[in-house]
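Data block below; observations after.
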Amino acid sequence: MIYKLKHQLIQIAGLILFLHEKIMSKSVVFKLSKKNISCLILLLFALIVVGGLFVLYPSIFISSLVRSEVFVRLVGILISFFSIPLFIGYVLLLFEENGLIVSNEGMINNTNLINIGQIAWKDITLIKTKKSKKNTFLLIFVKDESKYFKNKGLLKKINALGYKNSYGTSIVIETKHVLCILEELKLTLRQHVKVE
């Protein structure tokens, strides 16, 4: 009877170990918030329209403050130049379903235009929380950022440079673009890396 009980306990332990491995090997997926991205797309579209109006009809915008049509056209070109690539990027992001994918190997961040593929846990040194007025960011610090930006396009590199100058790192999770609670996201990430 003791032998039979011991054999059953070994089977149960094996089953628990098997189930634990299955659960741990699954990826945790946080869906993308389409509402916030849609609002951003509308704002960028409005900027494109305003930039176009500045370029096509500069005389309408001449006032006692701004007297030069050339200046108005130049501002319109700059607004359009920066808004159009962002608009295209966010429209493409709108077709993504998953905002953040967390697995045992690493994570894939689709919360902004800098989707650089999977970031391995071994490369991440720290994740810090940064709060602003309207959003909370998770700043991801890695050992070698250049490794992740080698063969990426100009738009991603420009965005990465902007994040680097603003937050000290190029890889940022924008939590308002993910459908989850911040603490749930942090708890999931803490299973793999240190989160402050």
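Testing the spin-label approximation: label points 7 Å from Cα along Cα→Cβ at LYS150 and ILE62. State their distance in nm.
For LYS150 paired with ILE62, the spin-label model returns 5.5 nm.
From the list (i) 134; (ii) 154; (iii) 171, can you say which value of volume of the Cα convex hull per residue in Å³ was derived from the structure given?
Answer by label: (ii).
Let's see if you can work this out: charge +1 on each Lys and Arg Cβ, -1 on each Asp and Glu Cβ, no other charges. What is the dipole magnitude of the chain about its Cα centre, in debye to the nearest 20? Present the calculation step by step, with values, prior to reporting the outcome.
Working: 26 positive and 12 negative charges, 76 e Å.
Roughly 360 debye for the chain.
On a 0 to 90° scale, report how tilted helix 154-167 is relative to the longest principal axis of the chain, with both axes built from alpha carbons and the result rounded to the nearest 10.
80 degrees
May I ask which residue of LEU47, VAL142, LEU92 lies farthest towards the positive end of the charge dipole of the chain, with charges of +1 (Lys, Arg) and -1 (Asp, Glu) on Cβ and the Cα centre as origin?
Positive-end residue among those listed: VAL142.
How high is the relative contact order of segment 72-196, in percent, counting Cα pairs under 8 Å that sit 6 or more residues apart?
Values: 156 pairs, mean separation 30.4, N = 125.
So the answer I get is 24 percent.
Taking the Cα centre of each part, how many Å lie between segment 153-188 and segment 73-118?
The two parts, judged by their Cα centres, are 10 Å apart.
Taking square-rooted eigenvalues a ≥ b ≥ c of the alpha carbon gyration tensor, is segment 92-140 rounded, prolate or oblate, where a/c under 1.5 means rounded and, failing that, a/b exceeding b/c means prolate?
Numbers: a/c = 2.29, a/b = 1.05, b/c = 2.19.
Verdict is oblate for segment 92-140.
Please report the relative contact order for segment 68-117, taking Cα pairs under 8 Å with a sequence separation of at least 6, and give it as a percent rounded to a whole number. Display every interim value, and only then the final one.
Numbers: 26 pairs, mean separation 11.6, N = 50.
Contact order relative to length: 23 percent.
Any read-out appearing in this document is the output of simple, stated calculations on the displayed coordinates, not a laboratory observation. Owing to the predicted nature of the structure, the values given are computational and were not obtained by experimental measurement. For neighbour counting, all protein chains shown are included, and Cβ atoms are generated from backbone atoms with ideal geometry for every residue, glycine included.
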